[in-house]
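In what follows, a single structure is set out as structure tokens and then discussed.
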Amino acid sequence: MKPWFHVVAGFMLAGATSLLGVYVWLRIARWRRKTPEELERLRRLEVNHRGRITAGHIVDLIEHDRGERLARFVVYHYEVAGVTYEASQDVTALPDAFTDAHSSADQPANVKYDPRKPTNSIIVCEEWSGIRAAARTHRSEGGAQDMRD
């Protein structure tokens, strides 16, 4: 055998191994990629854990037909450090929140916002609700008395 054959075979083996490694890495990256719904859920939970609460107001409720499903949004505004923000939150994944918001339309609510980025806010998530009708309903079901009423 010629001496250059071992060098060429080594390069071919290294190239094939590199291609296999890139293929495996891409498959794992694609498999671990989060859906937009999962990313939104993680954002809500992050704001819930690190957020501060401020007074807000529910402005509007919007239902939008997306073809296969109905998207539901709660539009609200709040103020932080003298700046008024208006935001909407997709609550399609939280059906009870939209039902509660119907009874609280044009009413005050609590809003959680990220103190480092006040535009990042929520009015409801899986573990918390700023919609006051939901808070009253939750307390009355548990048997505790609501002190605001």
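The values are calculated or read from the model by the stated rules, or taken from the named source; none is laboratory data. Predicted, not measured: the structure shown is a model, and the values here were computed from it. Reconstructed Cβ throughout: ideal geometry from the backbone, glycine too, with neighbour counts over all protein chains shown.
Listing for the model above:
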item: Residue that is nearest to the chain's Cα centre (by Cα), among those in the stretch 44-59 that are among the charged types (D, E, K, R) and loosely packed, with under 15 Cβ neighbours inside 10 Å; result: E46
item: Checklist (1) free of Cβ contacts under 8 Å to residues at least 40 places away in the same chain; (2) part of a loop (DSSP other than H, G, I, E, B) applied to Y23, failing item; result: (2)
item: Failed item in (1) modelled with pLDDT under 85; (2) farther than 23 Å from E126 by Cα; (3) assigned by TED's automatic domain parsing to the domain that holds P108, with G82 passing the rest; result: (1)
item: Tally of residues being surrounded by fewer than 16 Cβ atoms within 10 Å (Cβ to Cβ) and under 19 Å from the mean Cα position of the chain (by Cα) across the stretch 60-74; result: 7
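Conditions (1) surrounded by 11 or more Cβ atoms within 10 Å (Cβ to Cβ); (2) in contact with a helix residue (DSSP H, G or I) (Cβ under 6 Å, 6 or more places away or on another chain); (3) not hydrophobic (A, V, I, L, M, F, W, C), marked per residue:
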| position | (1), (2), (3) |
| --- | --- |
| I28 | no, no, no |
| T35 | no, no, yes |
| H77 | yes, no, yes |
| A81 | no, no, no |
